[in-house]
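Engineer: Pasting a structure below so you can have a look.
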Amino acid sequence: MGNKKTKKKKPVVVEPPMWVESETEEEDWGEYENEAGVWAVDGVVSEEVGITGQSRYEIRWADWERANGTNTTWMRTLPDAVHLIEDWQDSQEDKRANQAKESLEVELAPIYTLDMHRRNTGKRAQAIQEKLERSGEEEGSSRYAGWDLINQPDSSTDRQVLQDRWKRAARKAGATTVTIANDIDGEQTPSLSPNFTWLENKYHHSDEEPERQHEMFTVCDCVSCVDASACECQVESKVVNKRDKKVFAYTKQGLFAFNVPPGADVIECNSGCGCTRTTCLNRVAQAPRDVAVEIFKTADRGWGVRCPVAIPRGKVLGVYTGYSTRRSFDIPGSHPLLEDLPPEHRPYVFDLDGSIEEAMYAVDAYEYGNWTRFINHSCAPNLLVYPVVYDTIPEQNLPYLAFAATQDIPPYAELTLDYEPSRAKNGKKASKKPAGLVTKCECGTRECCGWMPDLHAE
């Protein structure tokens, strides 16, 4: 009995998890280290869903900021303000439910080629679960048929070749990446001029334009531009506060402040100013684009643009670029530039002075341009355009047109612009076709007017 043998048990091997979420880096609260957490919370800005399904929230603080002007931190909970997290969750649930009611289309392309740490955030932003529940489909169904054609194409495809070319051009200008995606059909790339050239942040100028005379610039000798009223380059600026004191068009966080009066140019610091480019609060539109953009095929409106990250309200994303040329006024009330152009150019022409009657110059993005040429119309847009000068003087009437977010934009939501805001009337759909050259609007929003300018009209 005492000699009975027993089998030796094999040790149990516990496999480490394939994916492990890293902890949020501990915040350096500076000289207020022992007072961390006593500041008032301004609100929840955005949310990220990790690979395990747990969320963390971007919190904006009311009276604390870092040395660089940013004032948000990432936290998994707010022990002293749990209701703010709950309110955020409720509002996002309602928003996703409304998304699913409006449309079961999934424009997040293709979810399973996204980086693992972004996948759940992207799916949440596009209300994937809610849409699947309403449609009765299971994830992985035919809704994603053909997704292997997109986002990460073979290196030999036309899409990859074009994407690499645009990435190099953007990188040369100091900007971050640009990608091309299509989960709708087999079209490899947008339809482009054979000679199309990517211009990240400048115009290709015609010979008709006056030379830039830098000696005419009004410059400042600030070390750090913090007070517009003391900044000499702001002498001609019309951006003022309620006390009629000159202020910058941007917040300390580098966001558009929505304080520019109609018809006024934002005057940024220029090459003659003494301030440092990387720290000046008044060099926003001219700074290299720091948000990745994706040119993607929509279900019914051709190619559009979106960003793979959340965009805060006021974020300036870039400027419209293309071939800039002087307009002729030989025919009063007409638009000679458009009349002289082939039809395929017309959707990409942007007047620089707002109205046809006043515009001296226009920009044509058909053969030269960047991602902004792909922005689609919406009657409920999430972007606005404002004129800004930094390499010319205002009197030359050659501003850049910068794009800023008018609301917090979730990851992978399409960026849109109202091509003609005056057509919208109280958010009600037009009962009949209005006068003028218009076409049916396909934006699909509740605020849809029913019609939009016909950019192809002759």
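We did not get these values from a lab; they are worked out from the coordinates using the rules stated. Note that the structure is predicted; figures quoted are calculated from it, not measured. Here the Cβ is made from the backbone with ideal geometry for all residues, glycine too, and neighbour counts use every protein chain on show.
Engineer: Using a Förster radius of 22 Å, what is the FRET efficiency between Q89 and V41 based on their Cβ-Cβ separation? Nearest 0.05, please.
Structural biologist: 0.90
Engineer: Here is a follow-up. Please give, to one decimal in nm, the separation of the simple spin-label points placed at Q188 and K238, each 7 Å out from Cα toward the Cβ.
Structural biologist: If labels sit at Q188 and K238, their model points lie 4.9 nm apart.
Engineer: A further question follows. Please work out how much length the chain gains when fully extended from T177 to N98, using 0.36 nm per residue of separation minus the C-alpha to C-alpha distance, in nm with one decimal.
Structural biologist: Length difference between fully extended and current span is 25.3 nm.
Engineer: Hey, another quick one. For a quick protection proxy, order the peptides 276-284, 404-412 by their average other-Cβ count within 10 Å, most packed first.
Structural biologist: Answer by packing, highest mean first, reads 404-412, 276-284.
Engineer: Would you please put 76-82, 173-179 in order of how densely packed they are, using the mean number of other Cβ atoms within 10 angstrom per residue and starting with the highest?
Structural biologist: In descending order of packing, they fall as 173-179, 76-82.
Engineer: Listed highest first by mean packing, meaning other Cβ atoms within 10 Å per residue, what order do 88-96, 387-395 come in?
Structural biologist: Ranking, from highest mean packing down: 387-395, 88-96.
Engineer: Describe numerically, in nm with one decimal, the distance between label points set 7 Å from Cα along Cα→Cβ at D158 and at A62.
Structural biologist: Going from the D158 label point to the A62 one covers 5.6 nm.
Engineer: Moving on to the next point. Run the quick spin-label model on D221 and D80: label points 7 Å from Cα toward the beta carbon, then report their separation in nm to one decimal.
Structural biologist: 4.6 nm
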